[in-house]
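The values are calculated or read from the model by the stated rules, or taken from the named source; none is laboratory data. Note that the coordinates shown come from a computational prediction; the quantities given were computed from them, not determined experimentally. A quick note on method: Cβ atoms are made from the backbone with ideal geometry, for glycine too, and the neighbour counts reach across all protein chains shown. When the accessible area is computed, the model is the full protein with side chains, heavy atoms only, and any ligands, DNA or RNA have been set aside. Shrake-Rupley method; radii C 1.70, N 1.55, O 1.52, S 1.80 Å.
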Amino acid sequence: SRRLDDDELRQIIEDCRQRLPPTLAGAFVLRDVDDIPTDEACKILGITPTNLAVRLHRARLAMRGCVESKWLG
């Protein structure tokens, strides 16, 4: 695998984040980028903690797949 510089990695992550569906992107940004607590993120999004967990799981899987494909592809 090749090494990425910080700017290149940031760009890949941002490109992948922009590809997420809005419902997944909102959850991902609140929890994993802005580090908003679960209860507050749920209030902002108007969803339950269970639904937030599902959205985060799906968003993280999508981000992982996208970043891996851009990095290794």
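Just going by the charge dipole of region 7-54, with Lys and Arg at +1 and Asp and Glu at -1 on Cβ, which of 16, 30, 48 is farthest out on the positive end?
With unit charges placed on the Cβ atoms, the residue in question is 48.
First compute the accessible area of the chain with a 1.4 Å probe, then give the percent of it belonging to carbon and sulfur atoms.
52 percent
Helix 49-72 versus the longest principal axis of the chain: what is the Cα-based angle in degrees, 0 to 90, to the nearest 10?
10 degrees
Which cysteines does the chain leave without a neighbouring Cys Cβ under 4.7 Å?
42
Only Cα pairs under 8 Å and at least 6 apart count here; give the relative contact order of the chain as a rounded whole percent.
In percent, rounded to a whole number, it is 42.
With +1 on each Lys and Arg Cβ and -1 on each Asp and Glu Cβ, how big is the dipole of the chain about its Cα centre, in debye rounded to the nearest 20?
That gives a dipole near 380 debye.
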